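Let me begin by presenting the structure, written as structure tokens, before commenting on it.
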Amino acid sequence: MDTIFALATAQGRAGVAVIRLSGPRAHAVAEQLAGPGLVPRGMAARTLRDRSGDVLDDAVILTFAGPASFTGEDVAELQVHGSAAVVANILGVLSGIDGLRLADPGEFTRRALENGRLDLAQVEGLADLIDAETEAQRRQAQTLLSGRLGDLAESWRRDLIRAASLIEAVIDFADEDVPGDVTPEVRALLQSVSSDLRAELAGVNIAERIRSGFEVAIVGAPNVGKSTLLNALAGRKAAITSEFAGTTRDVIEVRMDLAGLPVTLLDTAGLRDTSDVVEGIGVALARERAEAADLRVFLAEEGESLDVAICEGDIRVLPKADRRTDPQGAVSGLTGQGIDALVNEISRTLSARSAGAGIATRERHRAAMDRAANALDAACRLLELGPDRYDIAAEEVRSAIRALESLVGRIDVETLLDEIFASFCLGK
């Protein structure tokens, strides 16, 4: 394969910048810049020079020997001063060396996948880790990156291969005496894997929300204090407030970190019947976003009826605590009364839901596991119909195995790779 290079740290001024090389010429190129004597796996402090002998920079050089490197190839990393001029100069020198080219986005990680250093689920975990903004996202991404989903898929695959081999043995030796009835063992294996898959499927939606963020909609009548509450929760003036009802007409979104969870707060238009066409559009959008949100905070008086139904787990608080003689159960974005209690309640509610998160985090994971589970259910039904259906049952088990292999990128994923790696930064 080509030897590739790229800046692995962020663009801009910094104390240190890391330039990564990977491929068959990585070590030779490092020695071309730093002089001979670099060991295949080690660290050295050297002065980098171009072909004319001019000094490029003083650097720390790390070398990694394949296949035990990140990419599975020989790798060299040049730790240089994080000056834009220094980095640009070294990248320019590298681009002029025969056999080297600038890496495509995500190409280092793609090589790690192709060389068996990571499976596809781990690649997605790495992408999630780079994008993580909260502690919950970091923990979830680390779990995926550690290979736990791949380990699960491999254990399920082993059980299904065992079940398929037992069924095939019965089919192959149908005219001979096969010692013992294998059906109970096959059934137990299929039901065990199916049960595990269903349990993991139940946690995908919550895991996906941790990855992409929970939506919390503030719902109420016009001029009840929703925008003021949003501003108080956000700690800034994210929404326009006024004494006139109907000020908010679009959905205002504010991204926050609550108890380590990613949360997007939604300030919606006040719910009421209106003859104003533009406000009517805002009210319709408010209903739609509120109903689709993961959690709704209803800012409303006791007994007040709103067009959006209150679901189990939603939060209801009284508005304008600063104007009440008894502020119990009320909140005021203007004075901050009740804000801490509301934040704690939102955090407790979402944290409780997050406890049910599984390891799988994406729609692709859910679809693959769902295909496998459905195939196993079909195989179990076919087993009950007797040996005449064992050949079809065996094919259903093989379908489940293929679904699990696609989960970790063994088959049927070529169309996904360009999309996945396009989201990576250049040096990763």
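The values are calculated or read from the model by the stated rules, or taken from the named source; none is laboratory data. Source: prediction; values computed, not measured. Here the Cβ is made from the backbone with ideal geometry for all residues, glycine too, and neighbour counts use every protein chain on show.
Pick out, from region 1-69, the strands (runs of 3 or more DSSP E) lying fully within it that include 2 or more residues that are within 32 Å of the chain's Cα centre (by Cα) and under 17 Å from Val80 (Cα atoms). Reasoning before the result, please.
Working: elements: 3-7, 14-22, 42-49, 55-64.
Filter on region 1-69 gives 3-7, 14-22, 55-64.
Could you list all residues from region 132-154 that are among the hydroxyl-bearing types (Ser, Thr, Tyr) and either over 25 Å from Arg402 (Cα atoms) or buried (at least 22 other Cβ atoms within 10 Å of the Cβ) (or both)? Spell out the reasoning first.
Our first condition is that a residue be among the hydroxyl-bearing types (Ser, Thr, Tyr); within region 132-154, this holds for 134, 143, 146.
Passing the criteria: only Thr134.
How many residues does region 126-136 contain that are in contact (Cβ under 8 Å) with a residue 24 or more places away in the chain and in contact with a helix residue (DSSP H, G or I) (Cβ under 6 Å, 6 or more places away or on another chain)?
3
When Ser212 is evaluated against the numbered criteria (1) among the small types (Gly, Ala, Ser); (2) in the same structural domain as Ile281 (by TED's automatic domain parsing); (3) at pLDDT 85 or above, which criterion, by number, is the only one it fails?
Here Ser212 clears every test but (2).
Can Ala232 be described as modelled with pLDDT of 75 or more, on the phi > 0 side of the Ramachandran plot and assigned by TED's automatic domain parsing to the domain that holds Ala341? Quick ask: steps written out before the conclusion?
On the way: modelled with pLDDT of 75 or more: yes; on the phi > 0 side of the Ramachandran plot: no; assigned by TED's automatic domain parsing to the domain that holds Ala341: yes.
Judged against the criteria, Ala232 is not a match.
Scan region 179-222 for residues that are surrounded by fewer than 14 Cβ atoms within 10 Å (Cβ to Cβ) and of a type in the set (A, V, I, L, M, F, W, C) and jot them down.
Passing the criteria: Ala188, Ala199, Ala202.
In region 3-15, how many residues are of a type outside the set (Gly, Ala, Ser), touching a Gly at 6+ places or on another chain (Cβ under 8 Å) and either surrounded by 14 or more Cβ atoms within 10 Å (Cβ to Cβ) or at pLDDT 95 or above (or both)? Write out each step before concluding.
Kept after step one, since they are of a type outside the set (Gly, Ala, Ser), are these residues of region 3-15: 3-5, 7, 9, 11, 13.
Now drop any that are not touching a Gly at 6+ places or on another chain (Cβ under 8 Å), which leaves 3-4, 7, 9, 13.
Still in the running and either surrounded by 14 or more Cβ atoms within 10 Å (Cβ to Cβ) or at pLDDT 95 or above (or both): 3-4, 7, 9.
Number satisfying all stated conditions: 4.
Within region 376-386, identify whether any single residue is outside any helix (DSSP H, G or I), without any contact (Cβ under 8 Å) to a residue 60 or more places away in the chain and not assigned by TED's automatic domain parsing to the domain that holds Ala163, and answer yes or no. Don't jump to the end; show me each part of the working.
To start, the set of residues in region 376-386 that are outside any helix (DSSP H, G or I) comprises 384-386.
Now drop any that are not without any contact (Cβ under 8 Å) to a residue 60 or more places away in the chain, which leaves 384-386.
Next, from what is left, pick out any that are not assigned by TED's automatic domain parsing to the domain that holds Ala163: none.
No: region 376-386 contains no residue that is outside any helix (DSSP H, G or I), without any contact (Cβ under 8 Å) to a residue 60 or more places away in the chain and not assigned by TED's automatic domain parsing to the domain that holds Ala163.
So which residues in region 194-219 are farther than 19 Å from Gly150 by Cβ and aliphatic (A, V, I, L, M), if there are any at all? It would help to see each step written out before you state the result.
To start, the set of residues in region 194-219 that are farther than 19 Å from Gly150 by Cβ comprises 194-195, 198, 202, 205-206, 209-210, 212-219.
Scanning region 194-219 gives Ala202, Ile206, Ile210, Val216, Ala217, Ile218, Val219.
Yes or no, residue by residue, for (1) touching a Ser or Thr at 6+ places or on another chain (Cβ under 9 Å); (2) modelled with pLDDT of 90 or more:
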site: Ala373; (1), (2): yes, yes
site: Ile401; (1), (2): no, yes
site: Leu407; (1), (2): no, no
site: Arg410; (1), (2): no, no
site: Val413; (1), (2): yes, no
site: Phe421; (1), (2): yes, no
site: Phe424; (1), (2): yes, no
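Would you check if there is a residue in region 52-66 being assigned by TED's automatic domain parsing to the domain that holds Gly96, closer than 28 Å to Arg110 by Cα, β-branched (Val, Ile, Thr) and at pLDDT below 95? If you could, list the steps in order and put the result at the bottom.
Of the residues in region 52-66, the ones assigned by TED's automatic domain parsing to the domain that holds Gly96 are 52-66.
Filter once more, so that each one left must be closer than 28 Å to Arg110 by Cα: 59-66.
This time we only want the ones that are β-branched (Val, Ile, Thr), so: 60-61, 63.
When the remaining residues are screened for being at pLDDT below 95, the result is none.
No, there is no match, as no residue in region 52-66 is assigned by TED's automatic domain parsing to the domain that holds Gly96, closer than 28 Å to Arg110 by Cα, β-branched (Val, Ile, Thr) and at pLDDT below 95.
Could you run through region 283-319 and say how many residues are in a loop (DSSP other than H, G, I, E, B) and of a type in the set (D, E, K, R)? Full working, then the answer.
Here is the first cut: in region 283-319, the residues in a loop (DSSP other than H, G, I, E, B) are 293-294, 300-314, 319.
Next cut, of a type in the set (D, E, K, R) only: 294, 301-302, 304, 307, 312, 314.
Result for region 283-319: 7.
How many residues are farther than 16 Å from Ala372 by Cβ and either of a type in the set (Gly, Ala, Ser) or in contact (Cβ under 8 Å) with a residue 24 or more places away in the chain (or both) when one looks only at region 146-168?
Here the count works out to 6.
Hey, could you check region 97-121 for residues that are part of a strand (DSSP E or B) and aliphatic (A, V, I, L, M) and say which is farthest from Ala403 (Cα to Cα)?
The initial filter retains those residues of region 97-121 that are part of a strand (DSSP E or B), namely 100-102.
Now drop any that are not aliphatic (A, V, I, L, M), which leaves 100, 102.
On the way: Leu100: 38, Leu102: 35 Å.
Among those that are part of a strand (DSSP E or B) and aliphatic (A, V, I, L, M), it is Leu100.
Can you tell me which of Glu135, Glu208, Glu154, Glu114 is acidic (Asp, Glu) and within 25 Å of Ala292 (Cβ to Cβ)? Give the steps one after another, and end with the answer.
Working: Glu135 fails: within 25 Å of Ala292 (Cβ to Cβ); Glu154 fails: within 25 Å of Ala292 (Cβ to Cβ); Glu114 fails: within 25 Å of Ala292 (Cβ to Cβ).
Glu208 is the lone residue from the list that is acidic (Asp, Glu) and within 25 Å of Ala292 (Cβ to Cβ).
Is it true that Leu129 is surrounded by fewer than 21 Cβ atoms within 10 Å (Cβ to Cβ) and under 19 Å from the mean Cα position of the chain (by Cα)?
Judged against the criteria, Leu129 is a match.
Go through region 302-337 residue by residue and tally those that are loosely packed, with under 14 Cβ neighbours inside 10 Å and more than 35 Å from the chain's Cα centre (by Cα).
Total meeting the criteria: 8.
Can you go through Arg398, Arg366, Arg353, Arg381 and tell me which one is surrounded by 15 or more Cβ atoms within 10 Å (Cβ to Cβ), over 30 Å from Val317 (Cβ atoms) and out of contact with any Leu (no Cβ under 7 Å at 6 or more places or on another chain)? Spell out the reasoning first.
Working: Arg366 fails: out of contact with any Leu (no Cβ under 7 Å at 6 or more places or on another chain); Arg353 fails: over 30 Å from Val317 (Cβ atoms); Arg381 fails: surrounded by 15 or more Cβ atoms within 10 Å (Cβ to Cβ).
Being surrounded by 15 or more Cβ atoms within 10 Å (Cβ to Cβ), over 30 Å from Val317 (Cβ atoms) and out of contact with any Leu (no Cβ under 7 Å at 6 or more places or on another chain) holds for just one of Arg398, Arg366, Arg353, Arg381, which is Arg398.
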